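What follows is one structure encoded as structure tokens, with my remarks underneath.
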Amino acid sequence: MSTKKITIEFPTGSAGYDITIAYGALSGIGKWARRSLSKDAARIAVVSNPTVFKLYGEQAVEHLRSAGFDVFVWLMKDGEVHKSFRNVERALDFFAASDITRTDAVLALGGGVVGDLAGFAAAVYLRGIAFLQVPTTLLSMIDSSVGGKTGVNSAAGKNRIGSFHQPSGVLIDTGVLKTLPERELTAGFCEAIKHGSLSGKKLLEQISAFLEDYRTPDLASNFDDLEFRSRLDEMISEQVSFKASIVQADERESTRRTDARSRKILNFGHTLAHALEKVTDYKYFKHGEAVGYGIKYACELSKTLALIDENIVNLLNGVVHRAGTLPPVSKLDPEEVFEAFRFDKKLVAGSLQMILLKGIGKPVIVNGDDIKRSTHIRALKKLLNQ
Ligand SMILES: NC(=O)c1ccc[n+]([C@@H]2O[C@H](COP(=O)([O-])OP(=O)(O)OC[C@H]3O[C@@H](n4cnc5c(N)ncnc54)[C@H](O)[C@@H]3O)[C@@H](O)[C@H]2O)c1
Ligand SMILES: [Zn+2]
């Protein structure tokens, strides 16, 4: 088993941590947790959901116990709607009932929903205790487990309540992707394409070649192939490196920064994604699928503004296409989607900050309000096949 390690360090003084990536890494979770936590850590509260726990939970708990930890398991219901305050409260009550102290830790075993909620609960329990991330979806491996954003949904909107709370370590077992449903893989690949578009040709070509060589619908059939495993580990580790490089230089997503390496650029494709999710009541798209459409939209706008040419648009549309089938959008109303852009406006000084491209690896932050309404509507109609 070859292991890759990426170290994230913050110039701000926040503690850095390692992201460990290996096929089969779960078998080393006990020793890894020992290395990642302070020597006083005695108890671990594992947060997961029934779907993931049934597949990988017992194995993880057994290895943690063998490493000498007292382990307590709390399962939240599966699904985005359960990333709620109510469940944070339940998790906190569970930590208290399990006598988790300030030297102990919370460990998230699951996708981004489990990771975001568990991280937030760890951030507020006893004013913040250690937190370990063991992401089990492609999206959570390459995106949500790295960078310290934690939070829950509320009446105010999705992810409107949360905190920055960096994990003490991230353990990625790429082997668990074997059981991940196809739509979740497509969603994760769309975020990977987002990273490729922002980083530059090398990362984009890597994900593009991977998707050409291994088709998403039958990805699971490749897991016995050693070359596939090594390509998968390599791809995930390059993705994580890119995300780490951005977040370590702008840990808390400074509202003032507008440069090409600010953490805000990671919102590439997200203005439209959030609007699509909102008009469909967060029930129709997987988040990453909506990002797939968002990338296409950002490319179309970038071309209309003469920032990039048709070749780059075609290139990126082609890679998104290879990520898998996206849910049809022809029934959505362009005007309604446009109106939903407003929602993102509330975030920074009432302006719509959109991330566009001047080229592969060359993001620019533009004010979406400077783009004419008619330009948005025309691009939306094209995207929605109308
Ligand atoms: N914190 C951040 O920086 C950040 C970044 C991006 C997204 N997010 C958040 O992440 C969430 C989305 O995360 P997600 O895409 O991982 O979805 P998810 O956590 O809902 O997981 C998707 C589904 O896959 C199942 N699953 C997980 N691992 C599995 C495995 N190995 N085998 C079989 N099934 C498995 C889950 O039970 C779930 O049903 C959203 O809430 C989003 O807001 C956070
Ligand atoms: Zn996203």
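Among the residues that make up the range 153-165, is at least one of them under 26 Å from D93 (Cβ atoms), open to solvent by less than 10 Å² (accessible area, probe 1.4 Å) and either within 10 Å of ligand 1 (Cβ to nearest atom) or not in a strand (DSSP E or B) (or both)?
No, because not a single residue in the range 153-165 is under 26 Å from D93 (Cβ atoms), open to solvent by less than 10 Å² (accessible area, probe 1.4 Å) and either within 10 Å of ligand 1 (Cβ to nearest atom) or not in a strand (DSSP E or B) (or both).
Just one of the numbered conditions (1) within 13 Å of ligand 1 (Cβ to nearest atom); (2) surrounded by fewer than 21 Cβ atoms within 10 Å (Cβ to Cβ); (3) small (G, A, S) is not true of G119; which one?
(2)
Just to be sure I understand the filter: pairs with C-beta atoms under 8 Å, separated by 6 or more residues or on different chains, first member in the range 145-162 and more than 18 Å from A340 (Cα to Cα), second member among the acidic types (D, E) and within 14 Å of ligand 2 (Cβ to nearest atom). Which pairs pass?
K149/D116; T150/D116; G151/D116; V152/D116; G162/D116
So in the range 314-331, with the set limited to residues that are assigned to a loop (DSSP other than H, G, I, E, B) and open to solvent by 30 Å² or more (accessible area, probe 1.4 Å), which one is farthest from E277 (Cα to Cα)?
T325
So which of A275, A249, A260, A220 is open to solvent by less than 10 Å² (accessible area, probe 1.4 Å) and either within 25 Å of Q133 (Cβ to Cβ) or touching a residue at least 60 places away in the same chain (Cβ under 8 Å) (or both)?
Of A275, A249, A260, A220, the one residue that is open to solvent by less than 10 Å² (accessible area, probe 1.4 Å) and either within 25 Å of Q133 (Cβ to Cβ) or touching a residue at least 60 places away in the same chain (Cβ under 8 Å) (or both) is A275.
Which condition number does F72 fail, the rest of (1) crowded, with 24+ Cβ neighbours inside 10 Å; (2) assigned to a strand (DSSP E or B) being met?
Of everything listed in (1) crowded, with 24+ Cβ neighbours inside 10 Å; (2) assigned to a strand (DSSP E or B), F72 misses just condition (1).
Only one residue in D281, D309 is more than 16 Å from ligand 2 (Cβ to nearest atom) and more than 24 Å from the chain's Cα centre (by Cα). Which one?
D309
So if I check each of G148, G115, G128, which one is out of contact with any Phe, Trp or Tyr (no Cβ under 7 Å at 6 or more places or on another chain) and within 16 Å of ligand 2 (Cβ to nearest atom)?
Step by step, each of G148, G115, G128 is checked, and only G115 is out of contact with any Phe, Trp or Tyr (no Cβ under 7 Å at 6 or more places or on another chain) and within 16 Å of ligand 2 (Cβ to nearest atom).
Out of the residues in the range 179-198 that are open to solvent by 40 Å² or more (accessible area, probe 1.4 Å), touching a residue at least 12 places away in the same chain (Cβ under 8 Å) and within 17 Å of the chain's Cα centre (by Cα), which is nearest to ligand 1 (Cβ to nearest atom)?
The extreme case among them is E184.
Pick out the one residue from L276, L301, L272, L266 that is farther than 26 Å from G162 by Cα and in a helix (DSSP H, G or I).
Of L276, L301, L272, L266, the one residue that is farther than 26 Å from G162 by Cα and in a helix (DSSP H, G or I) is L301.
Restricting attention to the range 131-145, report how many residues are within 15 Å of ligand 2 (Cβ to nearest atom) and not in a loop (DSSP other than H, G, I, E, B).
Residues flagged as within 15 Å of ligand 2 (Cβ to nearest atom) and not in a loop (DSSP other than H, G, I, E, B) within the range 131-145 amount to 8.
Looking at (1) within 24 Å of A156 (Cβ to Cβ); (2) touching a Lys or Arg at 6+ places or on another chain (Cβ under 9 Å); (3) open to solvent by 30 Å² or more (accessible area, probe 1.4 Å), can you tell me which one A340 breaks?
The number of the failed condition is (3).
Pairs, please: C-beta under 7 Å, at least 6 apart or cross-chain, first residue farther than 17 Å from L139 by Cα and away from ligand 1 (no atom under 13 Å from the Cβ) and in the range 281-296, second open to solvent by less than 10 Å² (accessible area, probe 1.4 Å) and not polar (S, T, N, Q)?
Listed pairs, sorted by first residue: K296/V320.
Can you name the residue in the range 46-69 that is among the β-branched types (V, I, T) and open to solvent by less than 70 Å² (accessible area, probe 1.4 Å) and is also nearest to V176 (Cα to Cα) among such residues?
Step by step, filter the range 46-69, then rank; the result is V52.
What number of residues within the range 346-386 are in contact with a Phe, Trp or Tyr (Cβ under 6 Å, 6 or more places away or on another chain) and open to solvent by 60 Å² or more (accessible area, probe 1.4 Å)?
The qualifying residues number 0.
Within the range 277-294, can one find any residue that is of a type in the set (F, W, Y), farther than 14 Å from V337 by Cβ and in contact with a helix residue (DSSP H, G or I) (Cβ under 8 Å, 6 or more places away or on another chain)?
There is at least one residue in the range 277-294 that is of a type in the set (F, W, Y), farther than 14 Å from V337 by Cβ and in contact with a helix residue (DSSP H, G or I) (Cβ under 8 Å, 6 or more places away or on another chain).
The values are calculated or read from the model by the stated rules, or taken from the named source; none is laboratory data. This structure is a prediction, so every number in the text was calculated from the model and none was measured. Note that we place each Cβ from the backbone using ideal geometry, even for glycine, and neighbour counts take in every protein chain shown. Remember, those area values only see protein heavy atoms, side chains included, never the ligands or the DNA or RNA. Shrake-Rupley method; radii C 1.70, N 1.55, O 1.52, S 1.80 Å.
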